[in-house]
Amino acid sequence: MLDHRVTAYLADTCVFFQPWWLEAVAPGQWDVAVAWRGEEVAGVWPYAYKIRLGRYRLLEPPELSFYLGPWIRSSIARTTRRLSEEKDLMTELHDALPEFASFHQWFHPRVTNWMPLQWKGFSQTTRYTYLIPDTLDIEALWGETETNIRTDVRKARKELEVVEHDNAGQFLELQKRTYARHGMAMPFAEETFLRLDSACVKHSCRTILSAEDSLGRPHAAAYLVSDSTTMYAFLRARDPDLKRGAAALVLWAAIELASSQQKAFEFMGSWEEHIERFVRAFGGRQTPFFEVTKMNSQVVQNYRSLWKLTHPHG
């Protein structure tokens, strides 16, 4: 049970940090490291974990999760003092983590200083997302999109209508078709998705947009989640046998929705080259974030030795 002060602090962080989200995607297998300053929370570090061979803890992202890691209170102190406090708080949060065999998380883009963890033996890879930090001037944003996106949106509007609905099952079926076209299974369990969807509905933070034709067939859809500042294009799906412009139409409608709610918009999922090219065409700001990893060599060595003993023919 989290301290009520920790829960209150988490409420002002990212949607992926929320206790109800973590419980939905990693039931009973998550916790939050906390750094205190007196009676006040100065930083948190949510994490999820798996246990292997009954004793080895792997700190890694659960399915249908994204950002985790440290979230330290903002500071208006001069640079030298701010960096010193970041180091102290990051170190305290690190020391509050449980012992682990391996660690893997994607940090939120607000984390720009991972050096204290470098000194603790962690490694880092820079990843990129695309972000529209200010969505208020929708006409200016439309002008920032590439010509091919505007053309696709205009053409799709002639035959498709973007509707908002609560049919998570329909979205899930569209996801299945998206992956099946590439000979792939969905990268998450249906049960986990439906559990998360129920939690998102309960906390009023999700919207499903679907581009549908006159027969009611969904051509493309977006599963959006939001916190107090940002709307995330968390999941997207497209029927590979129907109109390609539908994906652009749905994503532009999502940006318009974020604008109406005065929220930033994050595209997410920008690692694959063809996906990066598509989302970049909407004019978002390329924004770095850290993928942070660590292997505890002694613990991993013990784990591998025990695994060999329990899997003699593996």
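Rule-based calculations on the coordinates, nothing more; no lab input. Just so it is clear, the model here is predicted, and its values are computed rather than measured. All Cβ positions, glycine included, derive from the backbone under ideal geometry; neighbour counts span all protein chains shown.
Taking a ≥ b ≥ c as the square roots of the Cα gyration tensor eigenvalues, with a/c under 1.5 meaning rounded and otherwise prolate when a/b beats b/c, else oblate, which class fits region 51-142? Oblate is the answer for region 51-142, as a/c is 1.5 or above yet b/c matches or exceeds a/b.
For region 124-197, trypsin sites (Lys or Arg not before Pro) meeting the loop criterion (DSSP other than H, G, I, E, B) and having at most 16 other Cβ atoms within 10 Å: 181.
When both region 167-238 and region 58-105 are represented by their alpha-carbon centers, they are found 30 Å apart. The slack in the chain from residue 5 to residue 118, taken as 0.36 nm per residue of separation less the alpha-carbon distance, amounts to 37.7 nm. With contributions of -39500 (n - 2.57) from each DSSP H run of at least four residues, the per-residue ellipticity at 222 nm computed over the chain stands at -11500 deg cm²/dmol. For region 154-257, applying the loop criterion from DSSP together with a ceiling of 11 other beta carbons within 10 Å to the GluC sites (Glu not before Pro) yields no site. Dividing the alpha-carbon radius of gyration of the chain by the rule-of-thumb value 2.2 N^0.38 Å gives 1.08. For region 146-282, the percent of C-alpha pairs falling in each 10 Å distance bin, counted from 0 to the bin holding the largest distance, reads 12, 43, 38, 7.
Loop-located GluC sites (Glu not before Pro) in region 28-95 (DSSP state other than H, G, I, E, B) with a sparse environment of at most 11 neighbouring Cβ atoms within 10 Å: 39.
Comparing 169, 156, 124 along the charge dipole axis of region 121-175, the residue lying farthest to the positive side is 124, per the Cβ-charge model. Using a Förster distance of 30 angstrom, determine the FRET efficiency expected from the C-beta separation of residue 260 and residue 83, and round it to 0.05. Step by step, r from the Cβ atoms, then E = 0.20. Working note: Karplus 6.51/-1.76/1.60 with θ = phi - 60° gives region 93-109 the couplings 5, 4, 5, 8, 6, x, 4, 9, 7, 8, 9, 7, 8, 9, 7, 5, x Hz, where Gly and Pro are set to x.
The H on the amide N of residue 220, modeled in the peptide plane, is under 5 Å from the matching H of 211, 239, each at least 5 residues off or on a different chain.
About its Cα centre, region 138-296 has a charge dipole of approximately 180 debye under the convention of +1 per Lys or Arg Cβ and -1 per Asp or Glu Cβ, with nothing else charged. Distant-in-sequence amide contacts of residue 236, defined by a placed amide H-H separation under 5 Å and a gap of 5 or more residues or a different chain, comprise 223. Over 23 Å apart at the Cα level, from the set 202/243; 202/263; 158/243; 176/243, are 202/243. Subtracting the Cα-Cα distance of residue 137 and residue 203 from their residue separation scaled by 0.36 nm leaves 21.0 nm. Here the Karplus curve 6.51 cos²θ - 1.76 cosθ + 1.60, taken at θ = phi - 60°, turns the phi angles of region 192-204 into couplings of 5, 4, 5, 5, 5, 4, 4, 5, 5, 4, 4, 9, 6 Hz, with x standing for Gly and Pro. Dipole magnitude for the chain: computed about the Cα centre from +1 point charges on Lys and Arg Cβ and -1 point charges on Asp and Glu Cβ, it is near 820 debye. Taking Cα atoms only, the orientation of helix 168-180 departs from the longest principal axis of the chain by about 90 degrees. In a fully extended conformation the segment linking residue 125 and residue 177 would gain 15.6 nm over its present Cα-Cα distance, using 0.36 nm per residue. A Förster radius of 51 Å, combined with the Cβ-Cβ distance separating residue 91 from residue 244, puts the computed FRET efficiency at roughly 0.55. Couplings 3J(HN,Hα) of region 252-264, computed from phi: 5, 4, 5, 5, 4, 5, 4, 4, 5, 9, 6, 10, 5 Hz, in residue order, whole Hz [Karplus 6.51 cos²θ - 1.76 cosθ + 1.60, θ = phi - 60°; x for Gly and Pro]. The residue 189 and residue 164 beta-carbon pair, evaluated with R₀ = 22 Å, returns a calculated FRET efficiency of approximately 0.30. Spin-label model, residue 144/residue 277: points 7 Å from Cα along the beta carbon direction are separated by 2.3 nm. Within the chain, antiparallel bridges make up roughly 90 percent of the DSSP beta bridges whose residues both belong there. Other residues lying with their Cβ under 13 Å from the Cβ of residue 177 contribute a combined charge of +2, Lys and Arg counting +1, Asp and Glu -1.
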